[in-house]
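The values are calculated or read from the model by the stated rules, or taken from the named source; none is laboratory data. Just so it is clear, the model here is predicted, and its values are computed rather than measured. As a convention, Cβ positions derive from the backbone with ideal geometry for all residues, glycine included, and neighbour counts pool all protein chains shown. For accessibility, only protein heavy atoms count, side chains too; no ligands or nucleic acids. Shrake-Rupley method; radii C 1.70, N 1.55, O 1.52, S 1.80 Å.
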Amino acid sequence: MKIKTAGKHTPGPWEATELDGMTIHHPTCDRTYRFIALTDSEHDTGRTDDKAREEDLANAHLIAAAPELLDWMKQYQPII
């Protein structure tokens, strides 16, 4: 399986932070943040329980790891 990446994305690292849901952002050199994505169960499903918050946090960390996961896949693709 060959991994193709035609599109461009904001380079990592990305970080997940709790702010009105779980925000995924890229910290820039001037200490501001470039917005990447938002996981927010309350907005999507109306859920506000602890399980929804845990799912938001897990999803945010998975999304924030995307640049590293892509780099890893590119590096180890010939072996897989």
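Okay, residues lined up against (1) under 10 Å from the mean Cα position of the chain (by Cα); (2) modelled with pLDDT under 85; (3) assigned to a strand (DSSP E or B); (4) surrounded by fewer than 11 Cβ atoms within 10 Å (Cβ to Cβ):
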residue	(1), (2), (3), (4)
25	yes, yes, yes, no
30	no, yes, no, yes
37	yes, yes, yes, no
44	no, yes, no, no
47	no, yes, no, no
53	no, yes, no, no
60	yes, no, no, no
67	yes, no, no, no
73	no, no, no, no
Practice item. Name every residue in the range 2-18 that is open to solvent by 70 Å² or more (accessible area, probe 1.4 Å), at pLDDT 75 or above and in contact with a strand residue (DSSP E or B) (Cβ under 9 Å, 6 or more places away or on another chain), in order of residue number. Key: 11, 13, 15
